[in-house]
Amino acid sequence: MKKKIKENIDFIYQFIDKPKSVGALIPSSKFLTKNILSYTDLTKKNLVIVEYGPGSGTFTREIVKGMKEGDTLIVIEQNKIFAKRLREQLAGAKNVFIHQDCVTNTSKILKRANIDRVDYIISGIPFSSIPKKMTEDILENTKKIMSDETLFITFQYSTLKINTFKKHMTVLNKKFVLRNIPSAYTICMKKCA
């Protein structure tokens, strides 16, 4: 319980310090996490998952729980404090690699790790609160690492950027999750044909 309270306090401090990059006052709920992961099939062998902007690691920890021998998780977090905490929390996890970097460098990170395919990209980036140019850059760079089978899964607190997503990808599904603060939409996409 103490650990969860500390995590929430850290999250609030980061939100106050960098509200546009953190996006919310508290970490995602277990209901949002379950909804995000409902788009994935963690039973597949040799999965490669990339996570953008995990923050305090709510999705990350659940992904790690579902990982099997041969799976790989690449976590990219720009916030120095969140990246440090994730490294500490997941120090013993196999095939989990945490990078403090910008997600526009994902292709370079994957190339250095000799990874040439990605099954899922799970994003916690608050696209609605970042500049349009940055959103466009992230989506363009994301498309470059996607195959026709890769799913890009994100959540947003509004549908403000849905048309921007549609310019770059095909939206397969959108769900509303009430049990989160604030409530959110999960959006599952694939590369345009």
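The slack between S107 and K190, meaning 0.36 nm per residue of separation minus the straight C-alpha distance, is 28.2 nm. Between segment 140-176 and segment 39-70, the alpha-carbon centres lie 18 Å apart.
For the residue pairs K94/K133; K44/K143; K30/K111, alpha carbon separations beyond 31 Å are given by K94/K133; K30/K111. Packing order of peptides 72-81, 104-113, 50-59, 120-129, highest average first: 50-59, 120-129, 72-81, 104-113 (average count of other Cβ atoms within 10 Å over each peptide's residues).
Here, each number is a calculation from the coordinates, and none is a lab measurement. Keep in mind that what you see is a predicted model, and the values were worked out from it rather than measured. In this analysis, Cβ positions are derived from the backbone assuming ideal geometry, glycine residues included, and neighbour counts consider all displayed protein chains.
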